[in-house]
Every structure is written in C-alpha cells, then in structure tokens.
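Reviewing the structure listed below.
Taken together, the values in this text are just the output of simple stated rules run on the coordinates, not laboratory data. Computed from a prediction, not measured in an experiment: that's the story for all the values here. Cβ coordinates were reconstructed from backbone atoms using ideal geometry, including for glycine residues, and neighbour counts include every protein chain displayed.
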C-alpha cells in the first residue's frame, strides 16, 4: 500500500489563502456554521488521497461539506452536478 505524504496544515491558513471561497462551487464558506451543516467548512483534497494525492497545502482547498461529499473520489465534479 502506497503511503500519502502528510504535511501539517492549519485549516484556517487554507481558508484564508482561498479567500473563504469554496474551490468547487466558488461560493463563500461560513466558518460559523456548525460542522453538521451541509454548507459548513471542509478541507478538500483536490487530487484525492485515494488517487495518489498528498496532504499538502498545494493539494488542499476550502470547500463546503456538501460540495466535498458530492465530489467524492474525483478530481472535479461532473458538469451536471
């Protein structure tokens, strides 16, 4: 089993770098929403770990929980999603 590269990352650093915008849908992500809210803040692996991606700053993006779930183990959402 291949092991992914793991870098210590502060999620707020990624949020600030991304201007608080979901990299998937382009809409604002509200940090004050509870984690159970479908529009709450998540970190998404742009290139999924399951496909050989790494847990490094350049491979992480701000996302809504729902956008991240819909994307799943893909590198992007289908156009109709």
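Brief remarks on what is shown
- Taking region 11-65 and dividing mean pair separation by its residue count, relative contact order in percent (alpha carbons under 8 Å, at least six apart): 39
- Using R0 = 35 Å, the C-beta based FRET efficiency linking residue 35 and residue 76 works out to 0.90.
- Counted residue by residue at 0.36 nm each, then reduced by the alpha carbon distance between them, the extension gain from residue 5 to residue 27 reaches 5.0 nm.
- Between residue 50 and residue 16, the FRET efficiency from the beta-carbon distance, with R0 = 30 Å, is close to 0.65.
- Gyration tensor verdict on the chain (Cα atoms; rounded if a/c is under 1.5, prolate if a/b is larger than b/c, oblate otherwise): oblate
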